[in-house]
Protein chains: 4
Amino acid sequence: MVNVAIIGAKGYAGKELVRLCLRHPEIRLVALTDLVEQPQPVSEQFPEFRGLTELMIEPTDVDRISTQAEAIFLALPHRVSQEYVAPFIHTGRRVFDLSADFRFTRIETYEQTYAIEHKEKELAKKAVYGLAEFNRNKIKDAQLIAVPGCYPTGALLGILPIVRAGVRLDSPIIVDAKSGVSGAGRKPTETTHFPECNESIMAYAVGHHRHQPEIEEKIHEAGGENARDVRLIFTPHLIPMTRGILSTIYLSLAEEVAEQDIARIFQEHYGGEFFIRLLPAGKFPTTKAVTYTNFCDIGWKKVAEHLLIVITAIDNLVKGASGQAVQCFNICYGFPEQTGLV
Amino acid sequence: MVNVAIIGAKGYAGKELVRLCLRHPEIRLVALTDLVEQPQPVSEQFPEFRGLTELMIEPTDVDRISTQAEAIFLALPHRVSQEYVAPFIHTGRRVFDLSADFRFTRIETYEQTYAIEHKEKELAKKAVYGLAEFNRNKIKDAQLIAVPGCYPTGALLGILPIVRAGVRLDSPIIVDAKSGVSGAGRKPTETTHFPECNESIMAYAVGHHRHQPEIEEKIHEAGGENARDVRLIFTPHLIPMTRGILSTIYLSLAEEVAEQDIARIFQEHYGGEFFIRLLPAGKFPTTKAVTYTNFCDIGWKKVAEHLLIVITAIDNLVKGASGQAVQCFNICYGFPEQTGLV
Amino acid sequence: MVNVAIIGAKGYAGKELVRLCLRHPEIRLVALTDLVEQPQPVSEQFPEFRGLTELMIEPTDVDRISTQAEAIFLALPHRVSQEYVAPFIHTGRRVFDLSADFRFTRIETYEQTYAIEHKEKELAKKAVYGLAEFNRNKIKDAQLIAVPGCYPTGALLGILPIVRAGVRLDSPIIVDAKSGVSGAGRKPTETTHFPECNESIMAYAVGHHRHQPEIEEKIHEAGGENARDVRLIFTPHLIPMTRGILSTIYLSLAEEVAEQDIARIFQEHYGGEFFIRLLPAGKFPTTKAVTYTNFCDIGWKKVAEHLLIVITAIDNLVKGASGQAVQCFNICYGFPEQTGLV
Amino acid sequence: MVNVAIIGAKGYAGKELVRLCLRHPEIRLVALTDLVEQPQPVSEQFPEFRGLTELMIEPTDVDRISTQAEAIFLALPHRVSQEYVAPFIHTGRRVFDLSADFRFTRIETYEQTYAIEHKEKELAKKAVYGLAEFNRNKIKDAQLIAVPGCYPTGALLGILPIVRAGVRLDSPIIVDAKSGVSGAGRKPTETTHFPECNESIMAYAVGHHRHQPEIEEKIHEAGGENARDVRLIFTPHLIPMTRGILSTIYLSLAEEVAEQDIARIFQEHYGGEFFIRLLPAGKFPTTKAVTYTNFCDIGWKKVAEHLLIVITAIDNLVKGASGQAVQCFNICYGFPEQTGLV
């Protein structure tokens, strides 16, 4: 049993962490905090939890929480997260940070992307990118895990096997992603007002979404020389559903690769992965099949001699955020990866 | 051709008025206003109108608008509306007010319901309740028409024929209403945030919704002695769709009334009404069939010796607000009632 | 560990049973069957289960399954269910039947309601109605549990405490229920075609839904003399969401009952119930808070001297079907009731 | 006034034609037909039309209809459509065919795509492709207009201006399209069953959708030498809404083209087009803004030196089908193009 605290329990990722931790047989949830003036029952914020926990959401007292909890999940906005990660790390706690603050290897990219100076550059060097299927060995021994963004998870799980296998790609990789509205967070806005986004679809942040540099960096790192210069075009769309991301990925093959080689590459990378489900040839995933799960379903097809389409489906709040955080937790603490996640 | 201005063009009722007025062959839309600091194209607020009108939404200058427009549609919040209705009336303009301010015969009921003192009591006495099918003669010559609320329209169109026919009812009349989210207005709130109201249904304002006294007063006025003391229970629900109200009405018959008498009553009241569609016996309406229209579809059934269920469906923004306002406008100016509405 | 088989695994209730059984720590799922010509992987029917189970959906071989499984969940249509329940019972298996076939005490009511002769009248006498919170003691020792319908569950959980407490009610009790579309089953129809039911709401089976006699019988049985003659009016509605039922219940109090007495009654009945969550005064439930759970959330309010509104929310596929079946299973086998359900 | 008949009035395109024709000031709707055994009121098929028309849907009697109607809208499935188009043409009627049967210049492409022999090859040569903004002059004098498919309309309106301007493109053009469920037609299927497609998104017909060759042929014809060999990758997705198509188009520029040149190209082609709305720089369309209209909203952005994203939004049933048919009708008969469409 590991004592766990969740910092940032009022947002959707925080809520999902609460849900998952309450069901996890090796987690004892001991504290929830957020930017609140005074403690309030989490079941007031989220009536879903009535009867399941008596925990209060409290102001964040790092010292006290460090004595209570061994592992800390942080689901705070970028910029804010840094301020809390550092003290928890210094007291020796293990931290799973769901913000963007520690995801980047190149701090400059972070600083440009988020238009802010990074205050914890040294710490950032020690952080491990928590894409479980690709970084398992490093995650195992890390003290600070930067849990990937929702869009990067959906995109990278489709792209990295190809890149890692050394297949040369022409620029650009195109990721056309479609997300449910919970991805926009819990704060009501005009865009997420029901009568505005229901019965409608739109693209947003075309050509400048913050997840684009994150995806790009991880492709470059994974691909070595072949992928060093490959460019990414990322187009997110908002669609009228609550949960799920479907990523339609267009890969331009710079060399001839046979269908059976693609099949073999995916099989080699994912054959032993519990949370990756490769669909049979010609089948493509639905987000419905992964909703409320930590699975990533993947289908693919060569639609032209040099064009490979890979389509991935995840639940943005589970595999795209809190579920993957718990998966990393399981890796760190030596529990089977699916513990508490099925 | 009548010159028309819309005051309060930034809300959903205002937007619907713009849509309807632009299509109306006898309306020349000359001004749009709202609480804005400086003029902005209405097509920026609502991209739907791009290419259809060059009109700006401007701050409300009563004097100027009174010289431009002969008829004024007001789609402002209650309380605020009073302040604008009075000066327009004094300059001789005809006013169609979509707020609650002038709907009540008994000012005390208004003041209790909305917890505010009414500032235009004299004016209120002259206002005519704009339920077109029941008040046509008074609407015709009125200078100030108080357009009914969305829920009252759906409820009253189902109840009034029975009450007017002299059928005695036992208390309470129960109106269980289900509304799309546009009924909650354009301002984003936690309740109307897509991930909160999608895939969910809830009742709200149970036992104390402001439309309850409005419906009740009109029943009492319509029914004479028989209905004077009948009580209303009104339970509104929010359901995950954008437009439409379905009102399921339970009427407790205090006397034996045969099915064919019910049929006859509805036929007598609505047989000549273009916008009321009586469904065949045993059929019940869907909101889908009335979406974007000014129709009210009505089905009914005696389900027990003394219990009559009447179900009505309207589009809350058309027959429940702006469409009915235009219908009243047509009555006032002598145009066929369906002008611009089909 | 109990070996379990699911008969009727291709429908939505069957699918939900598979989901719940796979997560249940005391259940070993050994067989799935349905009307199929030859075995096919359940993960082909439902891609959700890929990677979670290798089980096939097979034709129903009662003899073989009786040797494999100790407990049988049946999720078949009424009429068909009888044919399978009997042989399983005769081989000594415990049966949890989700159809309507064994829910009625009065066989005549069943036969009238479903317009069919009951072929297993003797067996029907031994069946226990599986409304867990009210029949726990009988369920414990029963061999045949008739799991309540979805609408009856939502209605009865709101009504029975009042009736059992001896509060006298005037006729009719009105249950205005709103259901998500999964309640209509898995077979595509015009009514459930997305473009038809999306953005729409309608009432259906007004005054003659088959769940009405089921609810009525259980009220009569629970209420003794006071409730013997009370009539029920049941109006189901289809709303554009996948899961959930909200039941708005109007109870006409034949005697004066204070608010604190209502509160006390609910508290006495449900204070110790894990799966019933009484909301604080003035709060009303949303279906969202119970989606994918076995909870029933209940709010209530006296809105007039003699009118009590009770509103209940359940997930129609969990507490309204498969979850309740598992809850009964837990009772029968002596597991804590929430085992596998949280 | 032109007498009009609609053949195939039971499907969604047919329904939309009825809606549009009823509002069209220059159309007298004289007959509706479909594959029915005996006549039935169209208002039984579609309660939306109750009170608006008394027309019956009748079996298709070509001779009789040819005497009644001057213009014929056909909304039949491909293959079936051919059988009716020919006799109507031979009797001198003008035909607006919404099927795929007469859209292709190369009959072989049609035959391969639809896996059927074309029975009216001579007639096919005379047909004019009814993409109004690009074929206006030919449409004007045509007797047989092949109204474009919904996806082709959304794609071509974004691509053709660039291609026609002589901009050289590298292969492939990628069109990632997202459609509401009404695009799948009126027949209930497992895919379009509400609980299956609600809260989900999926790609389908990846790499082999029948609209791909249609789009490709029109690009090739429009582009002359530059575009002759450009390949198209078309990926349609089904999303949980009723109406609308958003097409995200990725164009790989084979040469340097400045942003202002793109702007100029779009402006030159569409500056005078009523139904095409170019959005300001950096703005992208929503389907909501075009729902129930004949508009196509277009936004675009150069996101890399050689990559241009163009995004178009249409209502699949209006500009993507029936509205465009009416627009073509207006062109043929010399009415202003927006007649009956605003």
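Rule-based calculations on the coordinates, nothing more; no lab input. Please read all numbers here as calculations on a predicted model, not as lab measurements. Counting neighbours? That spans all protein chains shown, and the Cβs are built from the backbone with ideal geometry, glycine included.
Brief remarks follow.
- Note on D:311-319: average number of Cβ atoms from other chains within 10 Å of each residue's Cβ is 1.
- Modelled label positions at D:Gln112 and B:Glu122, each set 7 Å beyond Cα in the direction of Cβ, lie 8.4 nm from each other.
- By average C-beta atoms within 10 angstrom, highest first, the peptides D:143-149, D:224-230: D:143-149, D:224-230
- For D:Glu54, label point 7 Å along C-beta direction: distances to other copies, nm: 4.6, 7.0, 7.4
- Tensor-based shape of the protein assembly as shown (alpha-carbon gyration tensor, a/c under 1.5 rounded, otherwise prolate or oblate): rounded
- Sorted by Cβ neighbour density within 10 Å, fewest at the top, the residues A:Ile298, C:Ile265: C:Ile265, A:Ile298
- ³J(HN,Hα), Karplus 6.51/-1.76/1.60, whole Hz, each residue of segment C:12-22, x for Gly, Pro: 5, 5, x, 4, 5, 4, 4, 4, 5, 5, 4
- Separation of the C:Glu54 and B:Val342 label points, Cα + 7 Å toward Cβ, nm: 6.7
- Put simply, when D:34-40, B:165-171 are sorted by average Cβ atoms within 10 angstrom per residue, most first, you get B:165-171, D:34-40.
- Mean ellipticity per residue at 222 nm, deg cm²/dmol - from DSSP H runs of n ≥ 4 across chain A, formula -39500 (n - 2.57): -9500 deg cm²/dmol
- Chain B: angle of helix B:150-164 to the longest principal axis, Cα-based, in degrees nearest 10: 40
- Among the residues of B:248-259, the average count of other protein chain beta-carbon atoms within 10 Å of the residue beta-carbon is 2.
- For A:Ile27, residues with placed amide H under 5 Å, excluding near neighbours: A:Val2
- The Cβ shell under 11 Å around D:Val62 holds other residues with a net charge of -1, Lys and Arg each +1, Asp and Glu each -1.
- Note on C:Glu305 and D:Val80: with the Förster distance fixed at 60 Å, the Cβ-Cβ geometry gives a FRET efficiency of about 0.40.
- Sorted from shortest to longest, the distances between the A:His208 label points of this copy and the other copies are 4.2, 4.7, 6.3 nm, with each point 7 Å from Cα along the line through the beta carbon.
- Beyond 23 Å in Cα-Cα separation lie the following of the pairs A:Lys178/B:Lys15; A:Lys15/A:Lys187; B:Lys283/D:Lys10; D:Lys178/D:Lys218; B:Lys283/D:Lys15: A:Lys178/B:Lys15.
- Per-copy distances of the B:Glu268 label point, shortest first, in nm (7 angstrom along Cα→Cβ): 5.1, 7.2, 8.6
- In this label model, C:Glu255 and A:Glu259 are separated by 7.7 nm, measuring between points 7 Å along each Cα→Cβ vector.
- Averaged over the residues of peptide C:162-173, the number of Cβ atoms from other protein chains lying within 10 Å of each residue's Cβ is 1.
- Within segment A:11-48, none of the trypsin sites (Lys or Arg not before Pro) combine a DSSP coil assignment with at most 15 other C-beta atoms in a 10 angstrom radius.
- Take every DSSP beta bridge whose two residues both sit in chain A; close to 45 percent of them are antiparallel.
- For segment C:1-60 versus segment A:214-281, the gap between their alpha-carbon centres in whole angstrom: 32
- Between the Cα long axis of helix D:132-141 and the first principal axis of chain D there is an angle of about 40°, rounded to the nearest 10.
- Electrostatic bookkeeping for B:Asn294 treats Lys and Arg as +1 and Asp and Glu as -1; over the other residues with beta carbon under 10 Å from its beta carbon, the sum is -1.
- Low-density loop positions, GluC sites (Glu not before Pro), segment A:259-340 - DSSP coil, at most 15 other Cβ in 10 Å: A:Glu305
- On the basis of the beta-carbon distance and an R0 of 51 Å, C:Tyr333 and A:Thr91 show a calculated FRET efficiency of 0.65.
- The rotation axis taking chain A to chain B passes closest to the C-beta of one chain A residue; that residue and the distance in whole Å read A:Pro188, 2.
- The mean sequence separation of alpha-carbon pairs under 8 Å and at least six residues apart, normalised by the residue count of segment C:151-316, gives a relative contact order of 31 percent.
- D (Stokes-Einstein, µm²/s), Kirkwood Cα radius, segment A:212-342, 0.692 mPa s at 37 °C: 202
- Each principal axis of the Cα atoms in segment B:2-126 has its own extent, and those three values, largest first, are 46, 27, 26 angstrom.
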